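Take a look at the structure below.
The values are calculated or read from the model by the stated rules, or taken from the named source; none is laboratory data. Only a predicted model underlies this, so the values are computations on that prediction, with no experimental measurement involved. Here the Cβ positions follow ideal geometry from the backbone for every residue, glycine too, while neighbour counts run over all protein chains shown.
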Amino acid sequence: MSDATIPTESAGARPRSAECGATGADPTGAGAESTGPEPAAAESSGTELAGIGAGAAGTGIGAAGTEPTSGESSGTESGDPTGAGAESTGPEPAAAESSGTELAGTGAGAAGTKTAAAGTEPTSGESSGTELTGTGAGAAGTKTAAAGTEPTGHEPTGVQPGVAAPGAAESGPAALGAAAAGPAAPGVAEAGPVEPRLSRSALSDEATTLDAADRLRAKRDAFTLDDVIYLDGNSLGALPRAVPSRLADVVAREWGELRIRSWEESGWWTAPERVGDRVGGLVGAAPGQVVVGDSTSVNVFKAVVAAVRMAQERGAHRDQILVDETTFPTDGYIAESAARMTGCTLRPVAAGDVPSAVGARTAVALVNHVDYRTGRLNDLPGTTAAVQAAGGLVVWDLCHSAGALPVGLDAHGVDLAVGCTYKYLNGGPGAPAYLYVARAHQPRFDSPLPGWNSHADPFGMASAYTPADGSARGRVGTPDILSMLALEAALEVWDDVTIEDVRAKSLALTDFFLRCVEDYVPAGRVQSVTPAAHTERGSQVALRCADAGEVMAELTRRGVVGDYRRPDVLRFGFTPLYTGFAEVERAARVLADVLLKEG
């Protein structure tokens with residue numbers, strides 16, 4: 001969903017953990033993965049990225065064989081405030097290794113990196129025993145300090161997923177904080193890039209090689225960009241170059257000359273379904289199941305209420321709505337309102353606990369595909385199957401996944417889904433949202449907002465409502481044509497792009513960024529709350545940082561734009577269509593500079 005402030009306990013949407021029906025009530029939505037001892041070596045699977053030239057080395061995040069610093073925990077128990085999930089409460093592994101990132105068709109090798117020599121504990125000012133085994137043009141594993149320089153006196157662990165920040169609360173319902181905030185402190189103006197003080201390392205050369213072989217590299221030219229490193233496409237996508245000229249034509253010719261005739265002659269009337277089919281292709285929906293219009297919030301309301309009505313056709317005992325307890329606030333607000341309207345009760349649960357929480361009373365589960373704060377990717381196929389097996393329906397919020405990774409709505413039998421188009425789909429500020437209703441449900445889809453646009457005969461002006469067939473049932477009133485057609489032009493950039501290629505590059509970018517942060521950032525300054533596992537990661541990286549607001553303001557001043565969420569989370573979004581590896585490496589160096597200064 002889009003970004004806004006979130007109260008610690010929104011009315012009805014986020015009760016205390018004891019009311020959530022989940023053990024331990026992890027407020028991050030990440031869920032506990034294990035409570036046993038960690039294995040002797042933690043390995044990452046790496047990324048296969050076809051056609052991208054040099055290999056990127058995998059990184060073991062966290063100092064292998066080192067003890068956590070004062071105030072850090074070696075594993076998070078119930079109430080994990082990091083969003084990373086409790087992976088272990090046992091001892092740390094002797095050596096954290098990664099298998100490296102395998103990039104198909106590359107000429108340069110990439111090496112995995114050992115953060116520290118097994119069983120050793122680096123002291124202040126010492127290198128961590130990084131092994132560099134890469135070959136060819138690509139740079140190998142990460143170095144603790146910038147190439148050719150001595151370490152700065154910090155231990156080179158940088159990022160430690162799953163480790164609570166010193167002083168961080170270990171329980172409570174507010175997940176990553178009591179409120180969300182905008183991307184930068186008020187009054188902070190964007191500035192041009194500032195050269196970081198840290199010297200370039202082997203990672204810089206590796207980034208250059210990766211960019212040279214990137215099959216999506218040319219797509220950057222389809223956007224209006226400058227020298228600012230823009231890592232906030234998970235909030236607002238960049239402007240596609242095709243949009244201004246298309247809007248100029250719509251305003252000057254279609255509106256200015258054709259005027260009312262454009263509803264037919266320019267295809268305005270059919271735009272919601274036509275553009276919906278284009279969006280549908282990016283989320284795995286066959287034509288005729290997606291309609292574009294209204295906001296995400298309005299579409300959540302339509303989807304949840306209609307889903308409850310369909311579920312209650314199977315029995316009035318279905319009187320419970322499950323909602324992702326770490327959802328973007330508007331989903332919770334609307335789910336609460338839908339519960340009141342339909343006579344249901346609202347039950348917030350962790351996204352990972354939905355399959356075990358469903359039962360005979362479940363009408364609907366409303367779940368985010370990707371958590372907007374942590375970037376955690378939730379299990380869409382497994383959750384959908386579990387809810388349906390219990391006799392309920394599921395509504396997925398795709399705001400942070402559409403355009404970033406394969407969704408597979410039809411393939412996984414999803415009932416309903418909603419999403420925005422101004423993030424990874426680059427539709428522009430205020431671009432219309434979309435509603436997916438599976439074809440099998442369309443005859444029974446009873447919208448709580450019937451409007452003349454969704455009438456079977458809209459110009460018949462009948463006093464009685466008869467719903468239209470197909471996805472048009474999701475329409476309400478007159479569509480916003482200017483925003484709709486701007487979105488249609490923006491979607492042209494996807495004409496020769498596969499979502500699989502986008503996903504492969506997304507994982508490579510986020511892997512590479514984490515390696516660069518590991519290499520450059522002083523130990524203990526940030527901790528990743530984004531899952532390391534590819535199967536659990538969206539297209540953003542979230543770092544816990546005590547002074548996140550000040551750090552992001554300074555990053556923006558220096559020409560690196562991300563955003564932050566109160567009280568202490570830095571968010572960086574990676575949009576593969578226009579983000580390059582050199583930008584990612586430079587962003588990490590600037591971040592390290594800022595943290596050294598702020599620290």
If you scan segment 463-518, which residues turn out to be within 21 Å of GLU585 (Cα to Cα) and hydroxyl-bearing (Ser, Thr, Tyr)? SER506, THR510
Criterion violated by HIS400 - all others in (1) free of Cβ contacts under 8 Å to residues at least 40 places away in the same chain; (2) touching a Phe, Trp or Tyr at 6+ places or on another chain (Cβ under 6 Å) satisfied: (1)
Just checking, which of ASP457, ASP410 is in a loop (DSSP other than H, G, I, E, B) and crowded, with 16+ Cβ neighbours inside 10 Å? ASP410
Are any residues in segment 272-294 over 22 Å from ALA468 (Cα atoms) and surrounded by 19 or more Cβ atoms within 10 Å (Cβ to Cβ), and if so, which ones? LEU282, VAL283
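On the basis of being modelled with pLDDT of 95 or more and out of contact with any helix residue (DSSP H, G or I) (no Cβ under 7 Å at 6 or more places or on another chain), does ASP495 make the cut?
Numbers: modelled with pLDDT of 95 or more: yes; out of contact with any helix residue (DSSP H, G or I) (no Cβ under 7 Å at 6 or more places or on another chain): yes.
Against the criterion (modelled with pLDDT of 95 or more and out of contact with any helix residue (DSSP H, G or I) (no Cβ under 7 Å at 6 or more places or on another chain)), ASP495 qualifies.
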The lone exception for ALA411 - which of (1) more than 26 Å from PRO240 (Cβ to Cβ); (2) touching a residue at least 40 places away in the same chain (Cβ under 8 Å); (3) in contact with a strand residue (DSSP E or B) (Cβ under 9 Å, 6 or more places away or on another chain) it fails: (3)
Output the residues belonging to segment 295-325 that are surrounded by 24 or more Cβ atoms within 10 Å (Cβ to Cβ) and acidic (Asp, Glu). ASP324, GLU325
Looking at segment 307-322, can you tell me whether even one residue there is within 26 Å of the chain's Cα centre (by Cα), of a type outside the set (Phe, Trp, Tyr), farther than 13 Å from VAL418 by Cα and modelled with pLDDT of 95 or more? yes
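Just checking: which of the strands (runs of 3 or more DSSP E) contained wholly in segment 463-582 hold 3 or more residues that are among the β-branched types (Val, Ile, Thr) and in contact with a Lys or Arg (Cβ under 9 Å, 6 or more places away or on another chain)?
Numbers: elements: 540-544, 563-565, 569-573.
Those strands (runs of 3 or more DSSP E) do not exist here; none qualify.
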Within segment 326-345, can you find the residues that are hydroxyl-bearing (Ser, Thr, Tyr), touching a residue at least 60 places away in the same chain (Cβ under 8 Å) and not in a helix (DSSP H, G or I)? THR326, THR327
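In the list ASP221, ASP226, ASP232, which residue meets the criterion of being surrounded by fewer than 17 Cβ atoms within 10 Å (Cβ to Cβ) and either in contact with a helix residue (DSSP H, G or I) (Cβ under 6 Å, 6 or more places away or on another chain) or assigned to a loop (DSSP other than H, G, I, E, B) (or both)? Can you show your working first?
Details: ASP221 fails: either in contact with a helix residue (DSSP H, G or I) (Cβ under 6 Å, 6 or more places away or on another chain) or assigned to a loop (DSSP other than H, G, I, E, B) (or both); ASP232 fails: surrounded by fewer than 17 Cβ atoms within 10 Å (Cβ to Cβ).
Being surrounded by fewer than 17 Cβ atoms within 10 Å (Cβ to Cβ) and either in contact with a helix residue (DSSP H, G or I) (Cβ under 6 Å, 6 or more places away or on another chain) or assigned to a loop (DSSP other than H, G, I, E, B) (or both) holds for just one of ASP221, ASP226, ASP232, which is ASP226.
Name the residues in segment 199-244 that are without any contact (Cβ under 8 Å) to a residue 40 or more places away in the chain and among the small types (Gly, Ala, Ser), would you?
Let us first name the residues in segment 199-244 that are without any contact (Cβ under 8 Å) to a residue 40 or more places away in the chain, namely 218, 221, 224, 226, 241, 244.
The answer is ALA218, and nothing else.
Does TYR333 satisfy being within 21 Å of the chain's Cα centre (by Cα) and closer than 20 Å to LEU409 by Cβ?
In short, no.
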Test result for ASP353, in the same structural domain as GLY470 (by TED's automatic domain parsing) and part of a helix (DSSP H, G or I): yes
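Name every residue in segment 255-271 that is surrounded by fewer than 20 Cβ atoms within 10 Å (Cβ to Cβ) and either of a type in the set (D, E, K, R) or within 30 Å of GLY538 (Cβ to Cβ) (or both), in order of residue number.
Residues of segment 255-271 surrounded by fewer than 20 Cβ atoms within 10 Å (Cβ to Cβ): 255-267, 269-270.
GLU257, ARG259, ARG261, GLU264, GLU265 - these are the residues of segment 255-271 that are surrounded by fewer than 20 Cβ atoms within 10 Å (Cβ to Cβ) and either of a type in the set (D, E, K, R) or within 30 Å of GLY538 (Cβ to Cβ) (or both).
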Among the residues of segment 207-246, how many are in contact with a strand residue (DSSP E or B) (Cβ under 7 Å, 6 or more places away or on another chain) and charged (D, E, K, R)? 2
Please determine, by comparing only the residues of segment 526-544 that are surrounded by fewer than 23 Cβ atoms within 10 Å (Cβ to Cβ) and either modelled with pLDDT under 95 or not charged (D, E, K, R) (or both), which one is farthest from LEU596 (Cα to Cα). THR535
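I'm trying to understand the selection: among the residues of segment 530-548, which are among the hydroxyl-bearing types (Ser, Thr, Tyr) and over 14 Å from LEU514 (Cα atoms)? I'd like the intermediate steps shown before the answer.
So the first thing to find is which residues in segment 530-548 are among the hydroxyl-bearing types (Ser, Thr, Tyr), and the list is 530, 535, 539.
Correct list: THR535 only.
Could you tell me which of the residues VAL283, VAL323, VAL305, VAL291 is farther than 20 Å from PHE445 by Cα, touching a residue at least 40 places away in the same chain (Cβ under 8 Å) and touching a Pro at 6+ places or on another chain (Cβ under 8 Å)?
VAL323
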Show me the helices (runs of 4 or more DSSP H) entirely contained within segment 241-297 in which 1 or more residues are among the aromatic types (Phe, Trp, Tyr). 262-265
